[in-house]
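The values are calculated or read from the model by the stated rules, or taken from the named source; none is laboratory data. Note that the structure is a prediction, hence the values are computed from the model and not measured. Here Cβ is always computed from backbone atoms with ideal geometry, including for glycine, and neighbour counts include all displayed protein chains. Protein only, heavy atoms only, side chains kept; ligands, DNA and RNA dropped before computing areas. Shrake-Rupley method; radii C 1.70, N 1.55, O 1.52, S 1.80 Å.
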Amino acid sequence: MPTDSLIAQHAVAARRTVELAEQATPEQLTAPTPCAGWDLRQLLDHLTTENLGFAAAARGHGNDPAPWAGDLNRADPVADYAAATKILLEAFAEPGVLDRSFALPLLTKEREFPGAQAVLMQLVDSVVHAWDLARTLDLPLEFDDDILQPVLDLSEQIPDDASRTAPGSPFGPAAPYAEDATSLDKIVALLGRSPSWPN
């Protein structure tokens, strides 16, 4: 994917994820999700925290712990997530963001990440968590191939090794998928989710 389209593709995926979240009812906040051990409230808090953290990183403040601090007692976790996404999209839309260096201490404190790589990671996050939300809320989800292809390409490059079973690993071991699986099903399987969840 050309870097000049990466910001736009991420924005589409992020907004779609918010659209799904906004269809959740308060009663569904305790519903299980494909993210092992997380209910919907926990997933939304993760998404909110990640968006605020990446927005801070885009503006050179990634090592500030405040944006990365979650809050499982949010009065309105859906509204907080939508607001955090708006902040993230504004940060990513700033000139030169793809050429900046992102400090992402939740991933590692040993190095920083090129802006283009950080935005691509956020695109992956948005697509996969959109699928999580769609399955949790029993809603349809589709993305165009120009969004899914770079996400699939990166997903295929992530090692499926023992690190995936370590505490705090962002991905579980890869799951099987059908020969005729869609690109989205392949992505979620490669990143440790069963395409047939909750079955």
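Numbers below:
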| item | result |
| --- | --- |
| P198 being in contact with a helix residue (DSSP H, G or I) (Cβ under 8 Å, 6 or more places away or on another chain), open to solvent by 60 Å² or more (accessible area, probe 1.4 Å) and assigned to a loop (DSSP other than H, G, I, E, B) | yes |
| Matching residues, region 144-190, being under 18 Å from V119 (Cα atoms), buried (at least 17 other Cβ atoms within 10 Å of the Cβ) and touching a residue at least 60 places away in the same chain (Cβ under 8 Å) | I147, P150, I187 |
| Options L52, L43, L20: the member that is hydrophobic (A, V, I, L, M, F, W, C) and farther than 24 Å from P198 by Cα | L52 |
| Subset tally (residues that are of a type in the set (D, E, K, R) and within 14 Å of P150 (Cα to Cα)) for region 181-199 | 1 |
| Residue match in region 79-94 (condition: modelled with pLDDT of 95 or more and on the phi > 0 side of the Ramachandran plot) | no |
| Of all residues making up region 21-31, the number that are open to solvent by 80 Å² or more (accessible area, probe 1.4 Å), out of contact with any Lys or Arg (no Cβ under 9 Å at 6 or more places or on another chain) and without any contact (Cβ under 8 Å) to a residue 40 or more places away in the chain | 2 |
| Unique residue being in a loop (DSSP other than H, G, I, E, B) and closer than 17 Å to C35 by Cα when the list is P176, P140 | P176 |
| Test: residue in region 5-24 that is part of a helix (DSSP H, G or I) and farther than 15 Å from V127 by Cα | yes |
| Leading residue by the ranking (nearest to A116 (Cα to Cα)) among those in region 36-75 that are among the polar types (S, T, N, Q) and surrounded by 19 or more Cβ atoms within 10 Å (Cβ to Cβ) | N51 |
| Qualifying position, being touching a residue at least 40 places away in the same chain (Cβ under 8 Å), of a type in the set (V, I, T) and open to solvent by 30 Å² or more (accessible area, probe 1.4 Å), among V78, V12, V18 | V12 |
| Neighbours by Cβ (under 6 Å, 6+ apart or cross-chain): first from region 49-70, part of a loop (DSSP other than H, G, I, E, B); second aromatic (F, W, Y) | G62/F102 |
